[in-house]
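**Student:** Please find one structure pasted underneath; my questions will follow.
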Ligand code: GAL
């Protein structure tokens, strides 16, 4: 029953989208052939559009197209960070038996509780065997894309979510050292505030960016084991440490830019890039944005450090692609998935995206210092799944958590936040 909640929320979203009229990616009424684009078309559905998001995808598509000139790739991306809009469009299509050939989905509960539990995905065990992939991806990652011992998708990247990027010049000019603990962070932030610089950039036009900050404070307060227990329902949301995390989250919100609600993540990253703000907690797609879109230099213009009190941990966000049931050209789609899982594809995509390759045997020389440091940290730290990016809990819970966080950002009422999370917990 619990498992079905995520799907029910997605289907509800789907109905809202359908009621608003369908776009070309979600046309429920089109006939099957028109929808699938024929056997030679591979339609890739994601939310990677625009600056900081699409460079890696476009490079991947180009290479795949070059190697498979008999196939036609359709890029069906729907804008909106963290899948804000794409997930609803996807739900409409899945509900209408009009799946894209393959779609972006986070490993963990977003894949398992929404689509695998609803019996909408093919298993990919055979593909992993044919390509000899079982020891090419970390076991923890294969576990994230598996359910009941069967594998359901191919990870293309590993993003780290507990990173703070900072403007090096702003730190230097204000005599700030990299803060390692919450108290050091607060001391640095107070100093910056006095100097009239926004300490922490946030753009929560889409509320997942604030949820990311909250999940990292939760990780800092609970530690990796209990953080995971919280989302398994083994620790209650009114646990003292969760309450403390909410208070600390509230404190961090004292340091954000006033116009946070009108900015998206790229807009907030710009504040750090131009020195109006000092720090940004964002997944490392922000590194891709800084380097590829804003022409900043890693470790010269911007630096990075683990979110305070979480340097031994790694909040993992992995984008994966699977094979939906009901596509009329599964063999062609598997060609794309095989490409996606290759070192060639991963080393094209990840240096542009800011992430590290999901494969263990990728070519390190293709990555900058940030990538190399992150590959090392990935091996040496404890991995925890991200809530904001679909791995830790079902979509149903995440939707409510995002709403509760959104209200908290304006009201800062700890009891209301805790109560809302408690109420949503049965949907995890
Ligand atoms: C995440 C996704 C990343 C990036 C980010 C911002 O959910 O895993 O690849 O696209 O959203 O949109």
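**Student:** Could you work out the per residue convex hull volume over the alpha carbons of the range 279-335, in cubic angstrom?
**Tutor:** Spread over its residues, the Cα hull of the range 279-335 gives 157 Å³ apiece.
**Student:** Kirkwood Rh over alpha-carbon pairs of the range 231-290, then Stokes-Einstein at 25 °C and 0.890 mPa s: what D in µm² s⁻¹, rounded to an integer?
**Tutor:** On the way: Rh = 13.7 Å.
For the chosen part, D equals 179 µm²/s.
**Student:** Which whole-number percent of Cα pairs in the range 188-232 have a distance greater than 12 Å?
**Tutor:** Numbers: 681 of 990 pairs.
Counting pairs separated by more than 12 Å, the tail of P(r) holds 69 percent.
**Student:** To continue, here is another question. What value, in deg cm²/dmol to 500, does the helix sum -39500 (n - 2.57) over DSSP H runs of n ≥ 4 give at 222 nm once divided by the residues of the chain?
**Tutor:** Values: 17 runs with 191 residues, N = 428.
Per the formula, -13500 deg cm²/dmol.
**Student:** By how many nm would the segment from residue 410 to residue 422 lengthen if fully extended, with 0.36 nm per residue of separation less the alpha-carbon distance?
**Tutor:** On the way: separation 12, 0.36 × 12 = 4.32 nm, distance 1.97 nm.
Contour length minus Cα-Cα distance gives 2.3 nm.
**Student:** Also, quick follow-up: Using a Debye calculation, one point per C-alpha and no hydration shell, please list log10 I(q)/I(0) for the range 332-405 at q = 0.26 Å⁻¹ in order.
**Tutor:** Log-scaled intensity ratios, in q order: -1.06.
**Student:** Let me ask another. Can you give the convex hull volume of the alpha carbon atoms of the range 289-428 per residue, in Å³?
**Tutor:** 173
**Student:** Please report, in cubic angstrom per residue, the volume enclosed by the convex hull of the alpha-carbon atoms of the range 99-227.
**Tutor:** Convex hull of Cα atoms, per residue: 172 Å³.
**Student:** At q = 0.14, 0.15, 0.22 Å⁻¹, what is the log10 ratio I(q)/I(0) for the range 89-175, with the Debye formula run over Cα points and no solvent?
**Tutor:** For the range 89-175, the Cα-only Debye profile gives -0.59, -0.65, -1.12.
**Student:** Given points 7 Å out from each Cα along the Cα-Cβ axis, report the residue 239 to residue 180 separation in nanometres with one decimal.
**Tutor:** 2.5
**Student:** Using only Cα atoms, find the angle between the long axis of helix 86-95 and the longest principal axis of the chain, and express it within 0 to 90 degrees, rounded to the nearest 10.
**Tutor:** With rounding to tens, the tilt is 30 degrees.
**Student:** Oh, and also: On C-alpha positions alone, give me the angle between the axis of helix 395-411 and the longest principal axis of the chain, in degrees, nearest 10.
**Tutor:** 30
**Student:** Once the Cα gyration tensor of the range 45-99 is diagonalised, what are the square roots of 5 times its eigenvalues, in whole Å and ordered largest first, as equivalent ellipsoid semi-axes? Can you show the working numbers first?
**Tutor:** Working: eigenvalues 100, 57, 5 Å².
After diagonalising the Cα gyration tensor, the semi-axes are 22, 17, 5 Å.
**Student:** While we're looking at this one, here's another question. Select from 126, 326, 80 the residue whose mean-square fluctuation is largest in a Gaussian network model of the chain (Cα-Cα springs shorter than 10 Å).
**Tutor:** So, out of 126, 326, 80, the one fluctuating most is 126.
**Student:** Moving on to the next point. Hey, with R₀ at 51 Å, roughly what FRET efficiency would residue 344 and residue 232 work out to, going by the Cβ-Cβ distance, to 0.05?
**Tutor:** 0.85
**Student:** If you don't mind, another one. Scale the Cα Rg of the chain by the rule-of-thumb value 2.2 N^0.38 Å and send over the ratio, two decimals.
**Tutor:** It is 0.95.
**Student:** Shifting gears a bit: So between residue 59 and residue 225, what do we pick up on full extension, going 0.36 nm a residue minus the alpha carbon distance? List each step's numbers first, then the result.
**Tutor:** Values: separation 166, 0.36 × 166 = 59.76 nm, distance 3.77 nm.
Value of the extension gain: 56.0 nm.
**Student:** Let me ask you something else. For residue 132 and residue 325, FRET efficiency with R0 = 22 Å and r from the beta-carbon atoms, rounded to 0.05?
**Tutor:** 0.30
**Student:** Going by the alpha-carbon gyration tensor, a ≥ b ≥ c the square roots of its eigenvalues, is the range 140-293 rounded (a/c under 1.5) or, if a/c is not under 1.5, prolate (a/b greater than b/c) versus oblate?
**Tutor:** Taking the square roots of the gyration eigenvalues as a ≥ b ≥ c, the range 140-293 is oblate.
**Student:** Fewest Cβ neighbours within 10 Å first, please rank 394, 69 accordingly.
**Tutor:** 69, 394
**Student:** Tell me the angle of helix 330-340 to the major Cα principal axis of the chain, expressed in degrees between 0 and 90 and rounded to the nearest ten.
**Tutor:** 30
**Student:** Let me ask you something else. Past the 18 angstrom mark, what percentage of all C-alpha to C-alpha distances in the range 219-361 do you count? Each step should come with its number before you reach the end.
**Tutor:** Numbers: 7132 of 10153 pairs.
Every Cα pair in the range 219-361 considered, those over 18 Å come to 70 percent.
**Student:** State the Kirkwood hydrodynamic radius of the range 268-308 in Å, one decimal place, computed from all pairs of distinct Cα atoms.
**Tutor:** 10.3
**Student:** With r defined as the distance between the Cβ atoms of residue 196 and residue 49 and R0 fixed at 35 Å, what FRET efficiency is calculated, to the nearest 0.05?
**Tutor:** Efficiency at R0 = 35 Å is approximately 0.50.
**Student:** How much of the DSSP bridge set in the chain is antiparallel, in percent, rounded to the nearest 5?
**Tutor:** Of the beta bridges lying entirely in the chain, close to 60 percent run antiparallel.
**Student:** If you don't mind, there's one more thing I want to ask. Tell me, in nm to one decimal, what length is gained between residue 274 and residue 262 on full extension, where the rule is 0.36 nm per residue of separation less the Cα-Cα distance? Intermediate results must be reported in sequence, preceding the final value.
**Tutor:** Numbers: separation 12, 0.36 × 12 = 4.32 nm, distance 1.78 nm.
In short, 2.5 nm is gained.
No lab work stands behind these numbers, since they all come straight from the coordinates. Quick caveat, the model's predicted, so the values are computed rather than measured. Every residue, glycine as well, gets a Cβ built from its backbone with ideal geometry; the counts of neighbours run over all protein chains shown.
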